[in-house]
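> Could you have a look at this structure, given as structure tokens, before my questions?
Nothing in this text is a laboratory measurement; each read-out follows from the coordinates by a stated rule. Worth saying up front: this structure is predicted, and the values here are computed from it rather than measured. For neighbour counting, all protein chains shown are included, and Cβ atoms are generated from backbone atoms with ideal geometry for every residue, glycine included.
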Amino acid sequence: MTHNDSAAEPTAAADTAEPPPAEPPVADDATAPEPAAAHTAPDGRAGTEASRLDMVAWAVRRIERRRSRIAAEIERNRRGEPAIPTWILAVALIAILGAWAAVVLLS
């Protein structure tokens, strides 16, 4: 039994080619369904159940992302990874106190 590589080439090329975009079917005006955005609230938002579910899903994803960011920050803090080295904080404190002392003594 031999393996024929030339038979696999056309399918590999066909797999990489993008299919043409599908065009939506065209309906007559009499049979066309009413657009979903026809019922809008005064502020411009669609008043459908689907849009409310989208807003709830967005809020849930936002809360989950926030919780994961907070959990990651707590984990970093537990590992003891300071964002700014202690010696830089000490130098900044001394500079601020020195400037304050200079203002008090020289005024």
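> With a sphere of radius 14 Å drawn around the Cβ of Ser68, what net charge do the other residues whose Cβ falls strictly inside it have (Lys, Arg +1; Asp, Glu -1)?
Numbers: positive: Arg61, Arg62, Arg65, Arg66, Arg67, Arg69, Arg76; negative: Glu64, Glu73, Glu75.
Computed value for this residue: +4.
> Can I get the semi-axes of the stretch 45-107's equivalent ellipsoid? Compute them from the C-alpha gyration tensor as square roots of 5 times the eigenvalues, in angstrom, largest first. Show your work: numbers first, answer last.
On the way: eigenvalues 475, 81, 6 Å².
Listed largest to smallest, the semi-axes of the stretch 45-107 are 49, 20, 5 Å.
> Subtracting the Cα-Cα distance from 0.36 nm times the residue separation, let me have the gained length for Asn77 to Arg62 in nm, one decimal.
Working: separation 15, 0.36 × 15 = 5.40 nm, distance 2.26 nm.
Taking 0.36 nm per residue and subtracting the Cα distance, the gain is 3.1 nm.
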